[in-house]
1. Across the stretch 91-117, what is the number of residues that are touching a residue at least 12 places away in the same chain (Cβ under 8 Å) and farther than 20 Å from E65 by Cβ?
2. How about the stretch 106-131: which of its residues are away from ligand 1 (no atom under 16 Å from the Cβ) and more than 12 Å from the chain's Cα centre (by Cα)?
3. Going through A62, A45 one at a time, which residue ends up being closer than 12 Å to P128 by Cα and touching a residue at least 24 places away in the same chain (Cβ under 8 Å)?
4. Out of the stretch 40-82, which residues are of a type in the set (G, A, S) and in a loop (DSSP other than H, G, I, E, B)?
5. Residue under question is P87, and the condition is that it be within 16 Å of ligand 2 (Cβ to nearest atom) and surrounded by fewer than 14 Cβ atoms within 10 Å (Cβ to Cβ); does it hold?
6. Step by step: first the residues of the stretch 49-59, then only those that are touching a residue at least 12 places away in the same chain (Cβ under 8 Å) and surrounded by fewer than 19 Cβ atoms within 10 Å (Cβ to Cβ), then the one that is farthest from I18 (Cα to Cα). Which residue is that?
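Only the coordinates and a few stated rules stand behind these numbers; no lab work does. Treat the numbers as computed from the prediction; the structure is a model and nothing was measured. Here the Cβ positions follow ideal geometry from the backbone for every residue, glycine too, while neighbour counts run over all protein chains shown.
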Amino acid sequence: MKGVFHCRKCSTALMGEITVRSTKDPAVTPPPMRDGEPICEAGTAFKSYTSLQWSHDPANPAPLEFAPQFWGNPLDFEATTQPTRDPARLSGCCGLDGCDGSNMLCRICKTAVGTMQNDCWTALIFVPEPDTTEFRKTDT
Ligand SMILES: [Zn+2]
Ligand SMILES: [Zn+2]
C-alpha cells in the first residue's frame, strides 16, 4: 500500500508518498536489521507485526513494545521532524538508541511523533507513534 504519515495534531504531512510492505506478506524480503544501515530504502517502510523492543518484565513494557508498528527510513522524516530537547530520551553512545520513548518531534507543532534509532548498534529506523501520527492511504 501507498500513503503518507501525517501529524495528527497539526495535520502536517511528515513525508512524501511512501510504499509500505507488510512483514506478513510472503513475497516481502524481511527487514535486514544491520547495525548502522537503513531498515529500508527511502520512500518505503515496513508494517511489522513484531515489535522492535520488548521487555522481560510484563509490568514494565518497553516503549516500542506494540504491534503492528511501522518501520521507516529516517531520511523520509528528516525535513519534518526534529529531536526532542528532553535529555532523558536522547540516550545513546554516538547516536540515538531510541530506548527511552519517542524522541522526535513534529517541527510545526512540537508533538512527539516518533522514535529514531541511529546508534552504532542499531539499524537506522524511524518508528512513527500510533497515537500522534496517522497513515493516510493514497491507493485503494
Ligand atoms: Zn554508538
Ligand atoms: Zn504537528
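1. 9
2. From the stretch 106-131, those away from ligand 1 (no atom under 16 Å from the Cβ) are 106-115, 126-131; that's our starting set.
C106, R107, I108, C109, K110, T111, D131, listed by residue number.
3. A45
4. Filtering the stretch 40-82 for residues of a type in the set (G, A, S) gives 42-43, 45, 48, 51, 55, 59, 62, 67, 72, 79.
Selection gives A42, G43, S51, S55, A59, A62, A67, A79.
5. no
6. Step one: filter the stretch 49-59 for residues touching a residue at least 12 places away in the same chain (Cβ under 8 Å), giving 49-53.
From what is left, the residues that are surrounded by fewer than 19 Cβ atoms within 10 Å (Cβ to Cβ) are 49-51, 53.
Details: Y49: 19, T50: 21, S51: 21, Q53: 24 Å.
Applying the filter and picking the extreme gives Q53.
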